[in-house]
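Visitor: Take this structure, written in structure tokens, and hold onto it; I'll ask about it next.
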Amino acid sequence: MVEKIESVVIGGGQAGLSLSYYLSRAGREHIVLEKASQVANAWRNRRWDSFTLITPNWSFRLPGAEYTDSEPEGFMPKKEIIRRFEQFELQNQLPVRYSTRVERLNPSKAKSISHLTEDKVYESKNVIFATGCSRRQESSLCHANTARTPSNPL
């Protein structure tokens, strides 16, 4: 089954959720595909329990959900970071599809891109990678000719 949608955001971390917030506010049709089973996966599963931010609380930024509590110079603990991500997603009703790993991207001559997941195909005109900068990008998702260039505008 193919689901057609204007834009697909790959990655549901801070960048993907922030982008989804702005796309929603602009009235743009989109979905966020996230391979983890819940929001804030990296904070939940890749940080030790006593972890705190190393930057002051005032620097924690999610659009429309900036830090306004009583300790702007403090250092937010892991549980509070997770709670803020959960609250942000819930309040903004973001269209995130969890446990959805993108297996492959296929460009078409009809200026669309097919996104193959384990159980579904999505077709979109736009794809945005929001998979983070602290790990190796999964370039194997793309065909060699998927790059948008002047001679290949997709």
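Visitor: Tell me, which strands (runs of 3 or more DSSP E) lie completely within segment 37-137 with 2 or more residues that are β-branched (Val, Ile, Thr), surrounded by 15 or more Cβ atoms within 10 Å (Cβ to Cβ) and touching a Cys at 6+ places or on another chain (Cβ under 8 Å)?
Guide: Once the strands (runs of 3 or more DSSP E) in segment 37-137 are filtered for at least 2 residues that are β-branched (Val, Ile, Thr), surrounded by 15 or more Cβ atoms within 10 Å (Cβ to Cβ) and touching a Cys at 6+ places or on another chain (Cβ under 8 Å), nothing remains.
Visitor: Shifting gears a bit: Do you know which of the residues in segment 1-36 that are surrounded by fewer than 12 Cβ atoms within 10 Å (Cβ to Cβ) and in a loop (DSSP other than H, G, I, E, B) is farthest from the chain's Cα centre (by Cα)?
Guide: Among those that are surrounded by fewer than 12 Cβ atoms within 10 Å (Cβ to Cβ) and in a loop (DSSP other than H, G, I, E, B), it is MET1.
Visitor: Name the residues in segment 29-52 that are touching a Pro at 6+ places or on another chain (Cβ under 8 Å), more than 30 Å from LYS4 (Cα to Cα) and not hydroxyl-bearing (Ser, Thr, Tyr), would you?
Guide: The answer is PHE51, and nothing else.
Visitor: Same structure, new question: Out of everything in segment 72-114 that is of a type in the set (Val, Ile, Thr) and touching a Lys or Arg at 6+ places or on another chain (Cβ under 7 Å), what residue ends up being farthest from SER50 (Cα to Cα)?
Guide: Among those that are of a type in the set (Val, Ile, Thr) and touching a Lys or Arg at 6+ places or on another chain (Cβ under 7 Å), it is THR100.
Visitor: Across segment 113-133, what is the number of residues that are under 23 Å from LEU23 (Cα atoms) and free of Cβ contacts under 8 Å to residues at least 60 places away in the same chain?
Guide: Number of matching residues: 2.
Visitor: Something else now. Tally the residues that are aliphatic (A, V, I, L, M) and either closer than 14 Å to GLU34 by Cβ or at pLDDT below 70 (or both), restricting the search to segment 96-154.
Guide: Of the residues in segment 96-154, 9 are aliphatic (A, V, I, L, M) and either closer than 14 Å to GLU34 by Cβ or at pLDDT below 70 (or both).
The values are calculated or read from the model by the stated rules, or taken from the named source; none is laboratory data. Values in this document were obtained by computation on a predicted structure and should not be read as measured data. Backbone-built Cβ (ideal geometry, glycine too); neighbour counts: all protein chains shown.
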